[in-house]
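Undergrad: Pasting in a structure now, in structure tokens, and then I'll have a few things to ask.
The values are calculated or read from the model by the stated rules, or taken from the named source; none is laboratory data. Treat the numbers as computed from the prediction; the structure is a model and nothing was measured. Please note: Cβ atoms are built from the backbone with ideal geometry, for glycine as well, and neighbour counts cover all protein chains shown.
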Amino acid sequence: MNTQKPVIIILGPQGSGKGTQGKKLAAKLGLPYLETGQLLRDEIASGSDHGKYLGSIVDKGQLLSDDDINNFMKDKVRFAANNGQGFILDGYPRRHGQAEFVDSIIKPTHVLLIDIPDEESVRRLSARRQCPKDKRIYNLITAPPKQDEVCDDCGTKLEQRVDDTPVAIQKRLNLYHTDTEPVLAWYKEQGVLHRIDGTHSIDEVEKAVGEIFNK
């Protein structure tokens, strides 16, 4: 009998809600949740030599190479794999070379794709606003402020980030499709890919994700 704990990768375009679903699933299954973006931000904020190096790339608006992101994530993935309790990876791997690297450490049992059309991603992200003072994030559709485009905490007028304009969002989506489609094909061939329609409500998507693990 296979007693391996779930090793789950969550993928999805920007605005799909994969982070929300990843956190909910981690709480439900009692699994460590490795959010790559937050781990990178924490490393950069730490002021370590490695963090300074990573920050020098990110600050230029460049993407980390496969070697850089694999080197950053390898110890975290290995530690989680050796723990033997299963874990959830969010935001990594994003490219085929990264997926091969993860597979060399541990094979995922489930890869969840929270999928939405590009137009829905643009609609959701275009509604995102940020407080320039305390950096709190709002969404005029899914998590609006109490007063129209004003921060609940400090009353500052909210702003739209430059990378949340429709043109900028579509550029990121084009890159996502180019990078991620080979990853999806890789995991589909392994029989571990599950597609979930992310256009439904948060509760409905959560239910669909849960059904995968209730079987």
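Undergrad: List pairs: first residue in the range 59-73 and under 17 Å from L175 (Cβ atoms), second residue small (G, A, S) anywhere in the structure, Cβ distance under 7 angstrom, at least six positions apart or on different chains.
TA: D66/G97
Undergrad: Quick test of your reading of the structure: H200 fulfils all but one of (1) more than 17 Å from the chain's Cα centre (by Cα); (2) surrounded by 14 or more Cβ atoms within 10 Å (Cβ to Cβ); (3) in a helix (DSSP H, G or I). Name the failing condition by number.
TA: Against the list (1) more than 17 Å from the chain's Cα centre (by Cα); (2) surrounded by 14 or more Cβ atoms within 10 Å (Cβ to Cβ); (3) in a helix (DSSP H, G or I), H200 comes up short only on (3).
Undergrad: Here's something else I'd like to know. Can you find a residue in the range 32-39 that is crowded, with 16+ Cβ neighbours inside 10 Å, at pLDDT 90 or above, part of a loop (DSSP other than H, G, I, E, B) and of a type in the set (F, W, Y)?
TA: no
Undergrad: In the range 1-10, which residues are modelled with pLDDT of 95 or more and either under 11 Å from the mean Cα position of the chain (by Cα) or basic (K, R) (or both)?
TA: Across the range 1-10, the qualifying residues are I9, I10.
Undergrad: How many residues does the range 55-75 hold that are crowded, with 16+ Cβ neighbours inside 10 Å and in contact with a Ser or Thr (Cβ under 9 Å, 6 or more places away or on another chain)?
TA: Going through the range 55-75 one residue at a time, the tally reaches 3.
Undergrad: Restricting to the range 40-51, give me the number of residues that are over 20 Å from V77 (Cα atoms) and crowded, with 19+ Cβ neighbours inside 10 Å.
TA: So the answer is 0.
Undergrad: Which residues, taken from the range 90-137, are among the basic types (K, R) and within 16 Å of the chain's Cα centre (by Cα)? Write out each step before concluding.
TA: If we filter the range 90-137 for residues that are among the basic types (K, R), which is where we start, we get 94-95, 107, 123-124, 128-129, 133, 135-136.
Correct list: R94, R95, R124.
The rows are residues; the columns are (1) modelled with pLDDT of 95 or more; (2) in contact with a Lys or Arg (Cβ under 7 Å, 6 or more places away or on another chain); (3) among the basic types (K, R).
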site: H110; (1), (2), (3): yes, no, no
site: K157; (1), (2), (3): yes, no, yes
site: K171; (1), (2), (3): no, no, yes
site: Y176; (1), (2), (3): no, no, no
site: H194; (1), (2), (3): yes, no, no
site: V209; (1), (2), (3): yes, no, no
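Undergrad: Please indicate, with yes or no, whether at least one residue in the range 180-200 is over 21 Å from I10 (Cα atoms) and of a type outside the set (A, V, I, L, M).
TA: Within the range 180-200, not a single residue is over 21 Å from I10 (Cα atoms) and of a type outside the set (A, V, I, L, M).
Undergrad: Additional query: Is there a residue in the range 122-134 that is out of contact with any helix residue (DSSP H, G or I) (no Cβ under 6 Å at 6 or more places or on another chain) and of a type in the set (S, T, Y)?
TA: no
Undergrad: While we're looking at this one, here's another question. Taking H96 and the conditions (1) farther than 23 Å from N174 by Cβ; (2) at pLDDT 90 or above, which numbered condition does it fall short on, given that it satisfies the others?
TA: Every condition holds for H96 apart from (1).
Undergrad: What are the residues in the range 87-141 that are of a type in the set (V, I, T), touching a residue at least 60 places away in the same chain (Cβ under 8 Å) and within 22 Å of K24 (Cα to Cα), if any?
TA: I88, T109, V111, I114, I116
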